[in-house]
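Novice: Before we start, here is the structure in question, set down as structure tokens.
The values are calculated or read from the model by the stated rules, or taken from the named source; none is laboratory data. Everything numeric here is computed off the predicted structure, so don't read it as measured data. Here the Cβ positions follow ideal geometry from the backbone for every residue, glycine too, while neighbour counts run over all protein chains shown.
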Amino acid sequence: MSENPDNGFAEILEGIEADFNQALFEKRLIAAVMAAEGTGLVYTRAVASGVPHELAQAMAAEVWDAETNQAAGVQEQPEEDDE
């Protein structure tokens with residue numbers, strides 16, 4: 001028996017890791033596309049409803065920040081008072 005069983009196990013683990021990394025990458029891409037579509041929808045609907053451009057941009061930016069932070073697993077830290 002010339003093949004080391006540890007090498008075979010390591011190869012299996014590497015394959016599983018590659019599959020999980022690919023699945024995670026695809027999930028992140030889908031989340032990014034959905035966040036972009038949602039952000040655009042908020043902006044265009046707000047403008048179409050008569051919301052001023054600057055306010056519509058701010059609304060869309062809030063949606064973008066919330067969705068991308070959630071997708072990245074980032075937790076917003078509460079703001080501290082300087083008092």
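Novice: What residue, of 61, 66, 46, is without any contact (Cβ under 8 Å) to a residue 60 or more places away in the chain, more than 30 Å from residue 24 (Cα to Cα), surrounded by 13 or more Cβ atoms within 10 Å (Cβ to Cβ) and not basic (Lys, Arg)?
Specialist: After ruling out the rest, the residue left standing is 46.
Novice: (1) out of contact with any Ser or Thr (no Cβ under 8 Å at 6 or more places or on another chain); (2) at pLDDT 90 or above; (3) part of a helix (DSSP H, G or I): which one isn't true of residue 51, the others all being true?
Specialist: Condition not satisfied by residue 51: (3).
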